[in-house]
Amino acid sequence: MIPFLDLGAAYRELQGEIDAAVSRVLASGYYILGPEVDAFETDYAAYCDARHAIGVANGLDALHLTLCAMGVGPGDEVIVPSNTYIATWLAVSQCGAVPVPVEPDPATHNIDPARIEAAITPRTKVILPVHLYGQPADMDPILAIARKHGLRVLEDGAQAHGARYKGKRLGAHGDAVAWSFYPGKNLGALGDGGAVTTDDDALADRLRVLRNYGSRVKYVNEVQGYNSRLDPLQAAVLRVKLAHLDAWNARRAALARIYLDGLRDTGLVLPHVPDWAEPAWHLFVVGHPQRDALQRRLAETGIDCLIHYPIPPHKQQAYADAQFGADAFPLASRMAGEVLSLPIGPQLSAQAAEQVVAAVAEAVLSR
């Protein structure tokens, strides 16, 4: 069996460091916020070349609370990708605002900057690009459009820890970046966790208040806030893993190169990496018109592949009330029917990746 991602192996590689970090927290007596969270926030902000990092409970909260801090509310609109995980849309809806989908660039699968301006209305408040699969979205034209129309930019970096856009790590290109530390992420905790990075002092201050019941002083509540705080145990684990993130991302990049080289002549649609992008390779996503049959054949050979994502947000029951037409967002719909994510992760060996290449090539070329 070749698993899609082996989280147990990731823990075993760092077991001594992780166990020591967890024991340190348990002995400290600080179980809500405190010095461990402060230390991780300092470390992660520095890693992202940002002034601030604010730890929260999960990636969805990172998006939602940042939109709230930006003043998004009922009647507002937020531009989102049509091709993304539904959490990006849910964060907008949780503010009482309306997600306005924009189709992707067919080459990168990320939101197409050339389509954004046509979606802007007087109610638009924020543009919310996603760095999907760990591939940076094209931020310069997005930021130019935002500045032209007086809009904020919130990036969804849930899959892009360590990725670079034009040489600079993601973390503060726009007004803020929302991060998820879900266990399967490049920087993953041993449970849920999230953060927001930003260079905006006022926004950071607002987020620290919102995450903690609307309070910066105990029993003094300035606003109606939330309970969304990064757990110190998870912060300690993340501090350990952060020290290894670049090395683990380099392993992912080496595996991606094996896939790109080995699958070049198979007819699969392979990831396109623009010259200005340095992906984190959270996922290695290929395209095939008979995706489901290909996934079944690979499963029969013991190779576990996943689909990110089989149902686009506009076709989810959760957004049935929006009454999108049957032909709405054809690019997102087509991608949902063709994409397949091959096994990738820092604990996957080069030999296993070569086995995947051989199995995929045999399955595709023998049809």
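The values are calculated or read from the model by the stated rules, or taken from the named source; none is laboratory data. All values reported here derive from a predicted model rather than from experimental measurement. With ideal geometry, Cβ positions are generated from the backbone for all residues, glycine too; neighbour counts draw on all protein chains shown. Protein only, heavy atoms only, side chains kept; ligands, DNA and RNA dropped before computing areas. Shrake-Rupley method; radii C 1.70, N 1.55, O 1.52, S 1.80 Å.
Report whether or not Ala326 is part of a loop (DSSP other than H, G, I, E, B) and small (Gly, Ala, Ser).
Here the answer is yes, as Ala326 does meet what is asked.
Within region 114-141, can you find the residues that are under 19 Å from Ala336 (Cα atoms) and of a type in the set (Val, Ile, Thr)?
Val130
Could we say that Ala299 is under 29 Å from Arg115 (Cα atoms), of a type in the set (Gly, Ala, Ser) and either open to solvent by 50 Å² or more (accessible area, probe 1.4 Å) or assigned to a loop (DSSP other than H, G, I, E, B) (or both) here?
no
Has region 275-285 got at least one residue that is part of a helix (DSSP H, G or I) and surrounded by fewer than 20 Cβ atoms within 10 Å (Cβ to Cβ)?
No - not one qualifying residue is present in region 275-285.
For region 232-274, which positions are of a type in the set (Asp, Glu) and either in contact with a Leu (Cβ under 8 Å, 6 or more places away or on another chain) or within 16 Å of Lys185 (Cβ to Cβ) (or both)?
Asp246
Could you list all residues from region 179-210 that are open to solvent by less than 10 Å² (accessible area, probe 1.4 Å) and among the small types (Gly, Ala, Ser)?
Hits for region 179-210 are Gly188, Ala189, Gly193, Gly194, Ala195, Ala204.
Could you count how many residues in region 304-321 are open to solvent by 50 Å² or more (accessible area, probe 1.4 Å) and either in a helix (DSSP H, G or I) or closer than 16 Å to Met1 by Cα (or both)?
Adding up the residues that qualify gives 7.
Can you tell me how many residues within region 286-296 are more than 20 Å from Asp105 (Cβ to Cβ) and either assigned to a loop (DSSP other than H, G, I, E, B) or open to solvent by 70 Å² or more (accessible area, probe 1.4 Å) (or both)?
Looking only at that region, the number is 3.
Of all helices (runs of 4 or more DSSP H) completely enclosed by region 189-268, which ones contain at least 3 residues that are small (Gly, Ala, Ser) and under 30 Å from Tyr11 (Cα atoms)?
245-262
Is region 132-154 home to any residue that is closer than 19 Å to Leu63 by Cα and aromatic (Phe, Trp, Tyr)?
yes
Which count do you get for residues in region 337-351 that are over 22 Å from Leu187 (Cβ atoms) and either open to solvent by less than 10 Å² (accessible area, probe 1.4 Å) or in contact with a Phe, Trp or Tyr (Cβ under 6 Å, 6 or more places away or on another chain) (or both)?
2
Would you please list the contacts, defined by Cβ atoms under 7 Å and residues six or more apart or on different chains, that run from a residue in region 267-286 that is within 17 Å of Val130 (Cβ to Cβ) and touching a residue at least 12 places away in the same chain (Cβ under 8 Å) to a residue that is crowded, with 24+ Cβ neighbours inside 10 Å and of a type in the set (Lys, Arg)?
So the pair list comes out empty.
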